[in-house]
Amino acid sequence: MQQLNLFTESTPVLPITYYPDFLTLEQANELYQHCLKLEWQQNQIRMLGKTLPVPRLECIYGDYGCDYLYSNSVFLKPLTWTDNLAKLRDSITKLTGYKFRIVIGNQYRSGQDSIGWHSDNEASMGFNPAIASISLGCVRKFQIKPRNGKPTDFWLEHGSLLVMHPGCQSTHLHQVPKTNKVVSTRINLTFRPHTGGGR
Ligand SMILES: O=C(O)CCC(=O)C(=O)O
């Protein structure tokens, strides 16, 4: 499988690995159709004293009790793993060695759906989590930067896997910015560890 370790001299050192063809086209198409039928919700986030709709749809699946709170405001309660998501989780673990207990889905319905600069450092994931991110559907720009550095851009392809290694969330921020281009739906699945819940 093609793998880009982003540690070359021509790119900044980035604690991530990109697998452009993690899924075959057929697998990616099937998974995309499966994901469209997941239980998407429009959550609200509290920011700067205001309550606003999160600019994308979200869903969460995972182990019982692995509830997830982010930005001190959005509370996500996992539904039971679907067979397809559990199989995907296991194939990522087989490739990377990292274990996951929840998956959070993001659905970007248009170019106006986005996720701003952030790191995924919620205590519920434990210290220095590894996060694995599957992209499906429309290709969108993903940017990553050291906390006080310049961004590097990637275009995350249908069926690709991006792994953010342990430490990445402490040293780097990432985002999927808005775009004025006409773009169709993109689905992203982030597989994450969790310290709570029953095992
Ligand atoms: O959609 C993506 O590729 C990134 C998602 C993300 O940053 C997140 O869920 O924290």
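The values are calculated or read from the model by the stated rules, or taken from the named source; none is laboratory data. Quick caveat: nothing in here was measured; it's all calculated off a predicted structure. Neighbour counts run over all protein chains shown; Cβ positions are idealised from the backbone, glycine included.
Taken over segment 12-46, the criterion of being surrounded by fewer than 12 Cβ atoms within 10 Å (Cβ to Cβ) and at pLDDT below 95 is satisfied by V13 alone.
The set of residues from segment 104-127 being free of Cβ contacts under 8 Å to residues at least 60 places away in the same chain and either of a type in the set (S, T, N, Q) or in contact with a Cys (Cβ under 7 Å, 6 or more places away or on another chain) (or both) comprises S119, N121. The set of residues in segment 133-150 being assigned to a loop (DSSP other than H, G, I, E, B) and either among the hydroxyl-bearing types (S, T, Y) or touching a residue at least 12 places away in the same chain (Cβ under 8 Å) (or both) consists of C138, V139, R147, G149, K150.
Report whether or not K94 is assigned to a loop (DSSP other than H, G, I, E, B), among the basic types (K, R) and over 20 Å from Y68 (Cβ atoms). So K94 fails the test.
Can you name every residue in segment 72-125 that is among the small types (G, A, S) and within 16 Å of the ligand (Cβ to nearest atom)? It would help to see each step written out before you state the result.
Residues of segment 72-125 that are among the small types (G, A, S), as a first pass: 73, 86, 91, 97, 105, 110-111, 114, 116, 119, 123-124.
Of everything in segment 72-125, those that are among the small types (G, A, S) and within 16 Å of the ligand (Cβ to nearest atom) turn out to be S73, G105, S110, G111, S114, G116, S119, A123, S124.
Farther than 22 Å from Q175 by Cβ, aliphatic (A, V, I, L, M) and part of a helix (DSSP H, G or I) - does that describe any residue in segment 7-23? Checking segment 7-23: not a single residue is farther than 22 Å from Q175 by Cβ, aliphatic (A, V, I, L, M) and part of a helix (DSSP H, G or I). A130 satisfies every condition listed in (1) within 14 Å of the ligand (Cβ to nearest atom); (2) touching a Ser or Thr at 6+ places or on another chain (Cβ under 8 Å); (3) free of Cβ contacts under 8 Å to residues at least 60 places away in the same chain except (3). Quick check on segment 160-199: of everything there that is small (G, A, S) and over 24 Å from V13 (Cα atoms), which residue is surrounded by the fewest Cβ atoms within 10 Å (Cβ to Cβ)? Within segment 160-199, the match that is surrounded by the fewest Cβ atoms within 10 Å (Cβ to Cβ) is G198.
Flag: H158 matches the condition of being more than 11 Å from the ligand (Cβ to nearest atom) and in contact (Cβ under 8 Å) with a residue 12 or more places away in the chain.
Counting only residues that are over 13 Å from I131 (Cα atoms) and within 16 Å of the chain's Cα centre (by Cα), segment 75-89 holds 5 of them. Working only within segment 143-199, note down all residues that are under 21 Å from V103 (Cβ atoms) and of a type in the set (V, I, T). Passing the criteria: I144, V163, V176, T185, I187, T190, T195. Against the condition within 22 Å of Q3 (Cβ to Cβ) and more than 10 Å from the ligand (Cβ to nearest atom), how does T195 come out, does it pass? No.
Only one entry in D90, D67 is touching a Lys or Arg at 6+ places or on another chain (Cβ under 6 Å), charged (D, E, K, R) and more than 20 Å from G137 (Cα to Cα), namely D67. When restricted to residues that are within 9 Å of I104 (Cα to Cα) and either surrounded by fewer than 16 Cβ atoms within 10 Å (Cβ to Cβ) or among the β-branched types (V, I, T) (or both), segment 60-80 contains 1.
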